[in-house]
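Since the structure comes first, as structure tokens, the remarks are kept for the end.
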Amino acid sequence: MAVTVQAPRSGEQGDPQRRERRWLPLFGVVAGLLLLVGGGYAAAGALSEPAGPPIRVAGVVTVQPLSGWSLAGRGRLGTSGPMFARLTRGGGSVDVIAYPGVGGTAESLAATYTRELENPLTRLSVSSQLEPVHTAAGLQGVRFSYAGVIRETSTPIDGEVTVIVGPSGNGVIFDGWAPAGLLSYASGDIGSMIQRAVIV
């Protein structure tokens with residue numbers, strides 16, 4: 001096969017400045033991408049910092065909200081059930097529920113809470129396995145996920161429940177939930193708040 005070789009145009013081979021100028025736009029694009037990606041990670045890190053006053057529930061657990069999270073309300077489960085506080089950010093929420101002196105194991109409290117989920121939710125589906133979890137303070141617990149539809153609003157949601165029973169017998173449930181398909185956007189922050197929570 002014949003190959004035709006084209007000679008360089010006049011001045012192209014012998015002009016290093018011209019060759020360098022051809023690379024400048026590429027370097028500019030690469031530098032811009034690096035700044036954009038680096039800035040995105042920096043912004044994400046800033047949004048995951050503690051912010052606002054700590055939230056305490058029933059003298060059992062204290063949670064430090066992260067940036068963008070705020071207290072949406074407090075109440076009881078049912079008329080005489082355990083106290084809870086709800087933190088929210090956008091479409092994501094986490095209910096922090098305190099069970100003073102409940103005793104027993106995290107597994108038994110998880111089973112109790114699974115039954116309680118049947119009241120506000122229809123079409124409830126719960127994961128069959130309990131995943132072990134550990135907090136930064138060295139406490140152990142279990143975690144399971146669920147999906148269902150809120151009875152009152154017919155809104156489908158996904159949830160992830162973390163259950164911990166401390167050495168003094170106080171139990172805490174962290175129920176993180178969001179509209180179906182959106183929980184992944186909040187789960188990282190929820191996990192960080194659980195890790196930093198103080199349980200007495």
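Quick notes on this structure:
- With respect to the conditions (1) surrounded by fewer than 14 Cβ atoms within 10 Å (Cβ to Cβ); (2) out of contact with any His (no Cβ under 7 Å at 6 or more places or on another chain), THR112 lacks only one, and its number is (1).
- Of all the listed residues (ARG89, ARG115, ARG123), the sole one being in contact (Cβ under 8 Å) with a residue 40 or more places away in the chain and among the basic types (Lys, Arg) is ARG89.
- SER187 vs. criteria assigned to a strand (DSSP E or B), closer than 17 Å to HIS134 by Cα, among the small types (Gly, Ala, Ser) and modelled with pLDDT of 95 or more: no
- Top-ranked residue of region 150-166 - restricted to ones that are in contact (Cβ under 8 Å) with a residue 12 or more places away in the chain and more than 16 Å from LEU117 (Cβ to Cβ), ranked as surrounded by the fewest Cβ atoms within 10 Å (Cβ to Cβ): GLY166
- Residue list for region 88-112, restricted to those being outside any strand (DSSP E or B) and either in contact with an Asp or Glu (Cβ under 8 Å, 6 or more places away or on another chain) or β-branched (Val, Ile, Thr) (or both): VAL102, THR105, THR112
- A count restricted to region 136-154 and to residues that are closer than 19 Å to GLY104 by Cα and either more than 16 Å from the chain's Cα centre (by Cα) or at pLDDT below 95 (or both) stands at 5.
- Some residue of region 115-127 being surrounded by fewer than 13 Cβ atoms within 10 Å (Cβ to Cβ), hydroxyl-bearing (Ser, Thr, Tyr) and modelled with pLDDT under 95: no
- On inspection, LEU77 does not qualify as in the same structural domain as GLY181 (by TED's automatic domain parsing) and modelled with pLDDT of 95 or more.
- Total residues in region 44-80, condition of a type in the set (Gly, Ala, Ser), more than 18 Å from MET193 (Cα to Cα) and touching a residue at least 24 places away in the same chain (Cβ under 8 Å): 1
- Candidate set from region 167-184 (those that are more than 17 Å from PRO132 (Cα to Cα) and of a type in the set (Gly, Ala, Ser)); member that is surrounded by the most Cβ atoms within 10 Å (Cβ to Cβ): ALA178
The values are calculated or read from the model by the stated rules, or taken from the named source; none is laboratory data. Only a predicted model underlies this, so the values are computations on that prediction, with no experimental measurement involved. Using ideal geometry, Cβ is built from the backbone for each residue, glycine included, and neighbour counts are taken over all protein chains shown.
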